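Bear in mind that the values in this text are calculations on the coordinates, not laboratory data. Treat the numbers as computed from the prediction; the structure is a model and nothing was measured. Virtual Cβ from ideal backbone geometry, glycine too; neighbours counted across all protein chains shown.
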Amino acid sequence: MISAANTRSRPVIAVVGPTGSGKSDLGVALARELGGEVINADAMQFYRGMDIGTAKISIEERRGVPHHLLDIMDVREEASVSAFQASARNLITEIRERGKYPILVGGSGLYVRAALDVLEFPGTDPAVRAGLERELEEAGLEVLRGRLRTVDPVSADRLGDGRRVVRALEVHQLTGQPFSSFMPAREYFQPAVQIGLSVERGLLHRRLAARVDQMVDRGLLAEVQTLAGRGLREGRTAGRALGYSQFLRVLDGESTVAQATEQTVVATRQFARRQLTWFRADPRITWLDWDDPELTAKAAAAILEQ
């Protein structure tokens, strides 16, 4: 364990990569090796009760390492990147003042970047947002994406779901600027180091399929049923989570468990591909093999070299 004085001069650590690559385990290992506390940067793990379907790290798996920003929201609440940024940066300061490393762990790329980078977020207008959401429901995603393409082709090509397309159109309507213009050059707001976990694609696909099967065996459908009673369907963020949206259809009689399982596997693989595209675009990330026997030691060495 290095001294507290030296720790305060060290960078913020981020463990990133695709879902199913072992980020949570490495975060704990680094915290124990270097003296740190973990800050969750997976948007779906903010939600209380969303445990099985998000592969949320258990109390036992945390091995005594403090974890922050887990189980902080009700499923009806909408996650906000700007609110996360404020909370994460406050925690980073507090953890550093305790003489420990702040360790961000998660695969939500924009959330990681919001915590690490010089990044400001434009405001919002509930009336404008509501109008765009009505259009999305009535006209469909492709119509809104086509409109976005005329004012912000970069965002239109990058954004893949209705919620983000609505947000991009809202920003343009409010500011007259494309949403993509609010993503500046990559610049850390304070010293940081990112460790990315690399998994061979075929192996990752097999791991993701096995993990979804395990989630189903552990009671994912029952978890979704419980959360449905707490307003999961009304949650703009939680209700769209991988696995949860698919298994809500089982509860509604629109799908079977087998169909929902396969749909979740496919959607998870697609999500992992988007995550890799996002993180591979950042040249500042140090990539390591997820199953390297010396993974923790190599990651710690990369951090201490900064």
Next on the checklist: What's the magnitude of the charge dipole for the chain around its Cα centre, counting Lys and Arg as +1 and Asp and Glu as -1 at the beta-carbon? Answer in Debye, nearest 20.
Outcome noted: 360 debye
Next on the checklist: Given Cβ point charges of +1 (Lys, Arg) and -1 (Asp, Glu) and nothing else, what value in debye, to the nearest 20, does the dipole of the stretch 126-182 about its Cα centre take?
Outcome noted: 160 debye
Item to check | Gain in span if fully extended, Gln177 to Ala297, counting 0.36 nm per residue against the direct Cα distance | outcome: 38.7 nm
Checklist entry - Cα gyration tensor of the stretch 202-274, axes a ≥ b ≥ c as square roots of the eigenvalues: rounded (a/c below 1.5), prolate (a/b > b/c) or oblate? => result prolate
Next on the checklist: Just to confirm my numbers, what's the Cα centroid distance between the stretch 255-306 and the stretch 159-237 in Å?
Outcome noted: 13 Å
Item to check | Gain upon complete extension [Gln270, Glu120; 0.36 nm per residue less C-alpha separation] | outcome: 51.2 nm
Checklist entry - Quick one: if you stick a label point 7 Å off each Cα along the C-beta vector at Thr277 and Val154, how many nm between them? => result 1.6 nm
Checklist entry - Label 7 Å along Cα→Cβ of Glu94; the stretch 48-86 residues with amide nitrogen under 12 Å? => result 67-70
Checklist outcome for this item: The extension gain from Ser58 to Trp287, computed as 0.36 nm times the residue separation minus the Cα-Cα distance, is 79.9 nm
Checklist outcome for this item: Taking r as the C-beta separation of Leu251 and Leu304 and R0 as 35 Å, the FRET efficiency to the nearest 0.05 is 0.10
Item to check | lysines with Cα under 17 Å of Lys100, excluding same-chain neighbours fewer than 8 positions away | outcome: none
